[in-house]
1. Being surrounded by fewer than 20 Cβ atoms within 10 Å (Cβ to Cβ) and either in contact with a strand residue (DSSP E or B) (Cβ under 9 Å, 6 or more places away or on another chain) or at positive phi (or both) narrows it down to one of 88, 44, so name that one.
2. Output the residues belonging to the stretch 47-80 that are loosely packed, with under 15 Cβ neighbours inside 10 Å and not in a helix (DSSP H, G or I).
3. Could you run through the stretch 81-98 and say how many residues are touching a helix residue (DSSP H, G or I) at 6+ places or on another chain (Cβ under 6 Å), assigned to a helix (DSSP H, G or I) and closer than 26 Å to residue 5 by Cβ?
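Please treat every number below as a calculation from the coordinates, not as lab data. All of these numbers come straight from a predicted model, not from anything done at the bench. Reconstructed Cβ throughout: ideal geometry from the backbone, glycine too, with neighbour counts over all protein chains shown.
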């Protein structure tokens with residue numbers, strides 16, 4: 001892999017890892033008895049900005065061969081689908097939704113998709129994020 005493509009993948013990996021971490025932090029905060037609204041809004045803003053950044057990279061993500069950066073982004077979006085399934089991100093980012101759907105058909109991704117392993121209790125966060133309302 002040429003050096004410039006390697007650095008693109010490393011940047012996408014950092015973006016995907018940061019998005020996953022933010023999603024996990026938001027979920028944890030929402031599970032608290034009294035979530036800190038300022039912190040929740042900060043996470044929501046970061047998630048929206050991350051999706052806008054990924055969306056801006058769609059042409060390049062399509063062009064560059066599948067690699068580490070794609071994996072990190074697919075994992076992050078998969079975490080969003082798993083924990084915030086009502087986010088409506090596909091409506092807000094149709095090109096990204098099409099890209100994700102194509103990658104989601106890969107055998108390696110099908111085999112590792114997150115699955116709910118039973119009741120965990122806590123707050124239902126599936127509809128908390130709504131990308132049609134995040135600017």
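1. Working: 44 fails: either in contact with a strand residue (DSSP E or B) (Cβ under 9 Å, 6 or more places away or on another chain) or at positive phi (or both).
One residue alone meets the criteria, 88.
2. Residues satisfying the conditions are 65, 66.
3. Total meeting the criteria: 3.
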